[in-house]
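Read through the structure below, which is laid out as structure tokens, and then see the notes.
The values are calculated or read from the model by the stated rules, or taken from the named source; none is laboratory data. Quantities reported herein were computed from a predicted structural model and do not represent experimental measurements. Glycine also receives a Cβ, built like all others from the backbone with ideal geometry; neighbour counts cover every protein chain displayed. Side chains included, ligands, DNA and RNA excluded: accessible areas come from the protein's heavy atoms. Shrake-Rupley method; radii C 1.70, N 1.55, O 1.52, S 1.80 Å.
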Amino acid sequence: MSFSPSNTRVEFSSGRYGLRRLAVATVMLAAAMAHAAPPTSPTAEIGTFFKRNCYDCHRGSKSEAGLDLSKLPRNLASDDTKKHWVRVFDRVAAGEMPPPKDADLDKDEKVAFIKSAGDWIRGVELDRYNKTGRVEARRLTNLQLERSLHDLLGIDIPLAKEFPDEQPAERFSTVADGQPMSRYQLERHMDVVDLALDEAIRRAVSEPDEFTKEFDAAGLSRSNPNRRCREPEVIDGFGVIWSSGLIFYGRVPATTARERGWYQITVRAKALKSPKNGGVWCTVQTGPAVSSAPLMNWAGSFEATDDVRAFTFEAWLERGDMFEVRPGDTTLRKARFDGGQVGVGEGGPQNVPGVAMQSIKLQRIHHGPTNEQIRAMLFDDLQVKTQKNWRRAELASSAPKKDLRRLIERFAERAFRRPVDKAAVDPYVAIAEEALSAGEPLIEALRVGYRAVLCSPRFLYFYETPGKLDAYAVATRLSYFLWNAPPDKKLTDLAASGKLTNPDTLLAETRRMLRDPRGKAFLEDFAAEWLDLNQIDFTTPDRRLYPTFDDVVKHGMLDETHAYLQAMLDQNLGVTNLVDSDFTFLNSRLARYYHIDGVDGDELRRVKLPASSHRGGLLGQGAVLKVTANGTTTSPVLRGKWINERLLGNEVPPPPPNVPAIEPDIRGAKSIRDQLAKHRSIETCAACHKNIDPPGFALENFDPAGLWRDRYGKKGAKVDPSYTLADGRKFKDLEAYRALVVAEPQTLARNVAEQLMTYGTGAPIGFADRPVIHQIVQATRGGNFGLASIVEQVVTSRTFLQK
């Protein structure tokens, strides 16, 4: 096998038996934590164990897998060395090493090794935790910065995309190890702060800019009926767009944004010439809708029927963007138009479906506070002297220096998410006073002070000290875990009163925050990185191979998974539902795509799956199946690795550098099963692939677009999803594989707890954290390892409440 460092979570174990042995080792660790301080250097038992059981194969220049245990450093100063030692511990604890067929291992000797090695590794980690904390210096993510600036300044403009791209560590952008702060990143941060402050001050000193415009069929359609173009045509009092593959056909120039901002559009529409299997599914997108800017942004979709109905969507428009409304179901019959333009009367005779718009209402809107409320947030009771040019507005003050300090102190306390003393604010006030003394207006000096606060490490970083978190740090960690946003007033007040650290109060606040509208984004934010749902657009299924896949289906898939996870949380459903269940969430388009009958309408609703369906759990949901394929082919290796790491909690080490990657032969000359069989004949590959391949093959009946298949292509080989697990248990198909996995719910629960803890604390699960994870799993066993129960146990755990 390949011996390469892994993170400190359990890697591969030999099925349920290995997991049981590993669970015993974890319980031993938990018990040891209640006794004397663990050693920080290896004991003699470790060396003795190696000499008697390991050195025959793992000593000298010809050591198997390149692992010479005699040269493995006997200190854990480096993370790589510690990871090697943890991997050795895991493989011995799981019964994988020494190989059972090659060694008659004495049980007492193994127990002694597990205790000695475990105490030593744990002791080194706990010593570091006590000195520097479990989590390194951790800063806000791009999303957290955006929501923090929105909360502090009352604005709603998109900001996350303005920051440099993030490089997640341990798959999460919240993990401190993946959060460097370069000079470039700091410069971009200052640019974004300037953008945010400009917007906040603009709104604070200006009159409201919301408006409403309404367009009838003539107003939303082409102005010159004799001109061939891509705008709607008026037919019988409706603005009509026919089903077509013509780009930008359906654009509505009347909705063009004169200023960037949030807009709400309400379309009253019906279907024309609906297909026999339902209404006409339409897309609503935004963009310049010109050839020089071909990309369009998704706003939503709806199913037009024979009756006129109203459909409302919200979208951010840059200046010059407009809305496009058109039939978007690729399975619809399409009209053909010459010259890339459409003339009046050319589509109707082609007998294709269409959408007929009776009217459009366009509204400029804002999310969050009004302009007047933003004014109070920034300037309190100071009066604003408005000007035609908002940048020349002034503040009226009889004591500008006093007001400057008062407002900056108030702002800093909110920005730093805890009380601040005078000395801590002095540097920011001094910068602002310097600007005031240089002749800058009070409003500009205040802006300078606010800018300095927002560029401070105390805003950018979590303020946490080694040991138990204080109440304000708990409030901050909890709010960014559940909301990716700063603590609200209630949470801050509880921190100020000292009540927040009470376990019952903490539990009650967790439940309140998850019920709050902001809590609905918790699982969407978490799953975006945990399940790779943020990679849904990384590839697009080949339209020639998968012609029924389209954007309506793709977004329906995302909505399905989001709604499914939310139902698990709201109803505290057990973690086995991640793998298998008898329900999902569908609209008529996604149901038709999945070949599930009896689902009507464009509203997503809970659907009980027929007994013959393969769609139960995440493993049957299109979003997961799409992100685990490359758009053209499937690979059991990619999907198997994903299931191991995302659902089973088994980290897959990188392949040896001298082993070529597996590429499926899409011509069908050689099956992927044959290729992988040859791959596994390489000794260094076999140890990992015996764990990777089984779940990957279990999903082979699903193609890259998430559709069920029995063959590879119309005339290709028959799909064979059967396989054998590493512990020898066999399965014949996906349903049988699911049954094997759900029979061990503690494995799924452990993984969910680890993923949540990593995401919420900003650090991967360390060796010393394992007993806490074990306690979380045990505490939720009585409730079938309910998802909400696991979240609550994570929040109230010792690990979550310490740096």
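Among 395, 404, which is the only one that is buried (at least 19 other Cβ atoms within 10 Å of the Cβ) and in a helix (DSSP H, G or I)?
Among 395, 404, only 404 is buried (at least 19 other Cβ atoms within 10 Å of the Cβ) and in a helix (DSSP H, G or I).
Looking at the structure I just gave you, is residue 208 farther than 25 Å from residue 464 by Cα, open to solvent by 50 Å² or more (accessible area, probe 1.4 Å) and in contact (Cβ under 8 Å) with a residue 40 or more places away in the chain?
Yes.
Take the range 454-475 and flag every residue that is open to solvent by 10 Å² or more (accessible area, probe 1.4 Å) and not in a loop (DSSP other than H, G, I, E, B).
457, 458, 461, 468, 471, 472, listed by residue number.
Of the conditions (1) of a type in the set (A, V, I, L, M); (2) assigned to a helix (DSSP H, G or I); (3) closer than 24 Å to residue 463 by Cβ; (4) under 25 Å from the mean Cα position of the chain (by Cα), residue 768 fails just one. Which one is it?
Condition (4) is where residue 768 drops out.
Which of the residues that make up the range 689-743 are open to solvent by less than 40 Å² (accessible area, probe 1.4 Å), in a strand (DSSP E or B) and out of contact with any Ser or Thr (no Cβ under 8 Å at 6 or more places or on another chain)?
723
Quick one: count up the residues across the range 748-762 that are touching a His at 6+ places or on another chain (Cβ under 8 Å) and closer than 14 Å to residue 172 by Cα.
Matching residues across the range 748-762 total 0.
On the basis of being more than 26 Å from residue 799 (Cβ to Cβ), open to solvent by 30 Å² or more (accessible area, probe 1.4 Å) and at pLDDT 85 or above, does residue 75 make the cut? So that I can check it myself, show each step before the final result.
Details: more than 26 Å from residue 799 (Cβ to Cβ): no; open to solvent by 30 Å² or more (accessible area, probe 1.4 Å): yes; at pLDDT 85 or above: yes.
In short, no.
Quick check, is residue 755 open to solvent by less than 30 Å² (accessible area, probe 1.4 Å), in contact with a helix residue (DSSP H, G or I) (Cβ under 6 Å, 6 or more places away or on another chain) and among the polar types (S, T, N, Q)?
In short, yes.
Within the group 410, 414, which residue is charged (D, E, K, R), over 30 Å from residue 219 (Cβ atoms), in contact with a Pro (Cβ under 9 Å, 6 or more places away or on another chain) and assigned to a helix (DSSP H, G or I)?
Details: 410 fails: in contact with a Pro (Cβ under 9 Å, 6 or more places away or on another chain).
Answer to the selection: 414.
Hey, residue 579 hits all of (1) farther than 30 Å from residue 792 by Cβ; (2) among the β-branched types (Val, Ile, Thr); (3) touching a Gly at 6+ places or on another chain (Cβ under 7 Å) but one; which does it fall short on?
(1)
Which residues, taken from the range 345-386, are buried (at least 18 other Cβ atoms within 10 Å of the Cβ), among the β-branched types (Val, Ile, Thr) and assigned to a loop (DSSP other than H, G, I, E, B)?
Listed by number, the list holds a single entry, 352.
Taking the range 327-337 as the region of interest, how many residues are touching a Gly at 6+ places or on another chain (Cβ under 7 Å) and open to solvent by 30 Å² or more (accessible area, probe 1.4 Å)?
So the count comes out to 1.
So, in the range 327-368, exactly how many residues are out of contact with any helix residue (DSSP H, G or I) (no Cβ under 7 Å at 6 or more places or on another chain), of a type outside the set (S, T, N, Q) and under 28 Å from residue 207 (Cβ atoms)?
5
Kindly indicate whether residue 303 is part of a loop (DSSP other than H, G, I, E, B), out of contact with any Cys (no Cβ under 7 Å at 6 or more places or on another chain) and either crowded, with 22+ Cβ neighbours inside 10 Å or at pLDDT 95 or above (or both).
The answer is no for residue 303.
Starting from residues that are surrounded by 17 or more Cβ atoms within 10 Å (Cβ to Cβ) and among the polar types (S, T, N, Q), keep the ones in the range 578-612 and report whichever is nearest to residue 307 (Cα to Cα).
Of everything passing the filter in the range 578-612, 588 is nearest to residue 307 (Cα to Cα).
Would a scan of the range 559-577 turn up a residue that is free of Cβ contacts under 8 Å to residues at least 40 places away in the same chain, of a type in the set (Ser, Thr, Tyr) and surrounded by 21 or more Cβ atoms within 10 Å (Cβ to Cβ)?
Checking the range 559-577: not a single residue is free of Cβ contacts under 8 Å to residues at least 40 places away in the same chain, of a type in the set (Ser, Thr, Tyr) and surrounded by 21 or more Cβ atoms within 10 Å (Cβ to Cβ).
Determine whether the range 56-68 contains at least one residue that is within 21 Å of residue 770 (Cα to Cα) and surrounded by fewer than 19 Cβ atoms within 10 Å (Cβ to Cβ).
The answer is no; no qualifying residue exists.
Sort out which residues of the range 180-223 are over 17 Å from residue 373 (Cβ atoms), modelled with pLDDT of 95 or more, in a loop (DSSP other than H, G, I, E, B) and of a type outside the set (Ser, Thr, Tyr), and write them in order of number.
Scanning the range 180-223 gives a single hit, 222.
Looking at the range 774-803 only, could you name the residues that are part of a helix (DSSP H, G or I), in contact (Cβ under 8 Å) with a residue 40 or more places away in the chain and under 21 Å from residue 514 (Cβ atoms)? Spell out the reasoning first.
To start, the set of residues in the range 774-803 that are part of a helix (DSSP H, G or I) comprises 774-779, 781-783, 787-795.
Those left that are additionally in contact (Cβ under 8 Å) with a residue 40 or more places away in the chain: 774-775, 783, 787-795.
Those that are part of a helix (DSSP H, G or I), in contact (Cβ under 8 Å) with a residue 40 or more places away in the chain and under 21 Å from residue 514 (Cβ atoms): 783, 787, 788, 789, 790, 791, 792, 793, 794, 795.
Any residue in the range 359-382 that is over 30 Å from residue 443 (Cβ atoms) and of a type in the set (Gly, Ala, Ser)?
Yes: one or more hits.
Given (1) closer than 30 Å to residue 166 by Cβ; (2) surrounded by 15 or more Cβ atoms within 10 Å (Cβ to Cβ), identify the lone condition not met by residue 187.
Condition (2) is where residue 187 drops out.
Just one of 394, 372 is closer than 17 Å to residue 203 by Cβ and modelled with pLDDT under 95; which is it?
Checking each option against the conditions leaves just 394.
What are the residues in the range 226-246 that are surrounded by fewer than 13 Cβ atoms within 10 Å (Cβ to Cβ) and over 19 Å from residue 322 (Cβ atoms), if any? Lay out the reasoning, then the answer.
First, the residues of the range 226-246 that are surrounded by fewer than 13 Cβ atoms within 10 Å (Cβ to Cβ): 226-227, 236-237, 245.
Residues satisfying the conditions are 226, 236, 237, 245.
In the range 508-558, what residues are open to solvent by less than 10 Å² (accessible area, probe 1.4 Å), acidic (Asp, Glu) and touching an Asp or Glu at 6+ places or on another chain (Cβ under 9 Å)?
The answer is 550, and nothing else.
For residues that are without any contact (Cβ under 8 Å) to a residue 40 or more places away in the chain and part of a loop (DSSP other than H, G, I, E, B), tally how many sit in the range 594-643.
11
Is there any pair with a first residue in the range 452-465 that is of a type in the set (D, E, K, R) and a second that is assigned to a helix (DSSP H, G or I) and open to solvent by less than 50 Å² (accessible area, probe 1.4 Å) whose Cβ atoms are under 7 Å apart and which are 6 or more apart or on different chains, and what are they?
Here the result reads 464/473, each pair linking the range 452-465 to a residue that is assigned to a helix (DSSP H, G or I) and open to solvent by less than 50 Å² (accessible area, probe 1.4 Å).
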